[in-house]
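Written below as structure tokens is the structure these notes are about.
The values are calculated or read from the model by the stated rules, or taken from the named source; none is laboratory data. Treat the numbers as computed from the prediction; the structure is a model and nothing was measured. With ideal geometry, Cβ positions are generated from the backbone for all residues, glycine too; neighbour counts draw on all protein chains shown.
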Amino acid sequence: MNYSKTSEPSDIGSFYTQIGRLKRLYTSLTNDDLNYEERRKGELIQNLARKLGVSEKEIKGVMDKSIRTLG
């Protein structure tokens, strides 16, 4: 996987947690689907929503839930 790294290690950990949660819930996702560039996060969410047939809001909700469970 080629995930962009940010300057904040906690951001990286949070993102990996989000990706892991998405992969567990949506088993059809591939590593290529989850390839991420920091400046293109919105595009990633749009592409995932389109592929999975769900709303962008649902994808964001899954990702946000990952962050909340860390705290």
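The table that follows gives values for the structure above.
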quantity	calculated
Hits in the range 42-55 (condition: exposed (fewer than 14 other Cβ atoms within 10 Å of the Cβ) and more than 14 Å from Ser28 (Cα to Cα))	Gly42, Glu43, Gln46, Ser55
Residue ID - surrounded by the fewest Cβ atoms within 10 Å (Cβ to Cβ), chosen from residues in the range 22-41 that are at pLDDT below 90 and assigned to a helix (DSSP H, G or I)	Arg39
